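The values are calculated or read from the model by the stated rules, or taken from the named source; none is laboratory data. Keep in mind that this is a model prediction, so the values were computed, not measured. When we count neighbours, we look across all protein chains shown, and the Cβ atoms used for this are built from the backbone with ideal geometry, even at glycine. Please note that ligands, DNA and RNA were not included when accessible areas were found on the heavy atoms of the full protein model with its side chains. Shrake-Rupley method; radii C 1.70, N 1.55, O 1.52, S 1.80 Å.
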Amino acid sequence: MGKRVAIIGAGVSGLATIRSCLEEGLEPTCFEKSEDIGGLWKFSDHAEEGRASIYQSVFSNSSKEMMCFPDFPYPDHFPNFMHNNKIQEYITVFAKEKDLLKYIQFKTLVSSVNKRPDFSVTGQWDVTTERDGKKESTIFDAVLICSGHHVYPNLPKESFPGLKLFKGKCFHSREYKEPGIFKGKRVLVIGLGNSGCDIATELSRTAKQVIISSRSGSWVISRVWDDGYPWDMVFVNRFETFLKNNLPKAISDWWYKKKMNAKFKHENYGLMPLNGTLRKEPVFNDELPACILCGTVSIKPNVKEFTETSAIFEDGTVFEAIDCVIFATGYGYVYPFFDESIIKSRNNEITLFKDIFPPSLEKPTLGIIGLVQSLGAAIPTVDLQARWAVKVVKGTCTLPSITDMMNDIDKKMRERLKWFGTSNTMQTDYINYMDELASFIGAKPNIPWLFLTDPKLAVEVFFGPCSPYQFRLVGPGKWPGARKAILTQWDRTLKPMKTRAVGTPLKPCLLCRWVRLLALPILVVAIFLAWIQ
């Protein structure tokens, strides 16, 4: 075995990193605080300190074909959007199939990660762990942090005057598990993200009244997209990304807002984001619009202040006799086991090259896997992050100079502010980011070459879903089954819905909708030319 690599966390990021280490001949040791793998997807009926926590009813926001490991499709009978226990089942099978469990030390807490005295020469780290009350320190050649960013809740109580006076219950959404105890209650949910909307719609069936308070609004879209296909199988594709990056911004913004408003007008529902042109991560909720129509959930602006029993909103309206306030206000990026100035090297903000490596380290032997957000699924993202990061640790890929890395970070930050705004500085464009990482390791598909050599595959790759299999088509880690997986991805998408035969299942025509889209401006131009003649 080669260099010794410490991996912190055995969720999907940790498993991807263990596998990547083994592929590169490195020696991984993964430390997991709990007694099982899965991380965020491992449900527990109570919130545990230092671990991600989900509620019992959580389903995936990405469809199965878009959120698998790139060489390990989900079983074709699995539903397209899966309950958390289905995802945990898949993760467990993957770990056993790839023989990863023997590299994990369970019930082991990483208490500190420190540079060795000779770090500038060796790049090594002292990793101190605790298990059964005993501490142990071990030297590692590299450390890859895979502990996720849904662990330490952001609870901005200081932003809400009078909250200390409030006499009802008040807690973060990570502590929410199921709706039964809220029967007949009046509940205020603060935050219009995925968790806030999920919890509010679930509570609307049992609670007496539910109100969501939103500071800036959100786009709310359905998992069911055009013609009933999964949203990301239609929305996340290379051609659409090409248009977004090359059309004038005014046209791109108009097209984006048109798609977001395709099912209902957000202005009418009180959901419209304050800046509708930003590519703020949308909320995936199929029930919220219907709940608003039926009056079981109401949307209000930000809370101006609390009293002992009520909330006064910025529009002057009041929600009285509140029993409970649930803060669905996201999470902070906290790594208590090492000096965070390493990754917060400027303005106390996280500064990472390609969202993985701290640029100021003398040796590139520490990386963070999974600290990025995009419209793409987490599993293929962390798989590609891990593949590149491990090659950097091994020395087969090198990083640019500190100056070049900082310039790249500045450039990317300007782009993010333009597309996503100041509140989403960890947001990135999925396909561009994946292509960038893939190009570092020689795994980026060559689209023009594909059109010349394999037109059938090229059409699926460019106009169809940008599914994870694309990043195991070529280069190191190439999977022989990638081509077949891409060409059959719609078969696996339709399979679990064919429980009642009513005709031949209809796959989408990848080119038809774009031909229809382009036909309108061509028709307008033709009419104009005919008119001026």
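Here are the numbers for the structure shown:
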quantity	calculated
1.4 Å probe accessible area per residue over segment 44-151, in Å²	45 Å²
Highest average packing first - 10-22, 274-286, Cβ atoms within 10 Å	10-22, 274-286
Residue-normalised accessible area of segment 366-447, given per residue in Å² at a 1.4 Å probe	36 Å²
Euclidean distance of C-alpha centroids, segment 322-388 and segment 100-121, integer Å	18 Å
Carbon + sulfur, % of accessible area of segment 1-65 - ligands and nucleic acids excluded, 1.4 Å	48 percent
Net charge dipole size for segment 30-188 [Lys, Arg +1 and Asp, Glu -1 on Cβ; Debye, nearest 20]	960 debye
Accessible area in square angstrom per residue, segment 254-339, 1.4 angstrom probe	47 Å²
Residue-averaged 222 nm ellipticity for the chain, from DSSP H runs of 4+ at -39500 (n - 2.57), nearest 500	-9500 deg cm²/dmol
Euclidean distance between Cα centres, segment 1-77 to segment 240-306, Å	31 Å
Residue (of Ile441, Gln489, Leu352) at the positive-pole extreme of the chain, dipole from beta-carbon charges	Gln489
Share, in percent, of DSSP beta bridges within the chain that are antiparallel, nearest 5	45 percent
Carbon and sulfur %, accessible surface of segment 158-316 computed with the full protein complex present, 1.4 Å	53 percent
Rounded to the nearest 10 Å², the accessible area of Glu49 at probe 1.4 Å	140 Å²
Summed residue charge, Cβ within 13 Å of Arg279's Cβ, Lys/Arg positive, Asp/Glu negative	+2
Among 378-386, 236-244, the order from most to least packed when residues are scored by Cβ within 10 Å on average	378-386, 236-244
Net charge dipole size for segment 251-324 [Lys, Arg +1 and Asp, Glu -1 on Cβ; Debye, nearest 20]	640 debye
Counted charge near Ala482, where neighbours are those whose Cβ lies closer than 11 Å (Asp, Glu -1; Lys, Arg +1)	+3
Leading residue at positive end of dipole, the chain (Cβ point charges), from Ser159, Ile54, Cys30	Ile54
Highest average packing first - 361-371, 105-115, Cβ atoms within 10 Å	361-371, 105-115
Accessible surface of segment 393-451, 1.4 Å probe, proportion on carbon and sulfur as whole %	55 percent
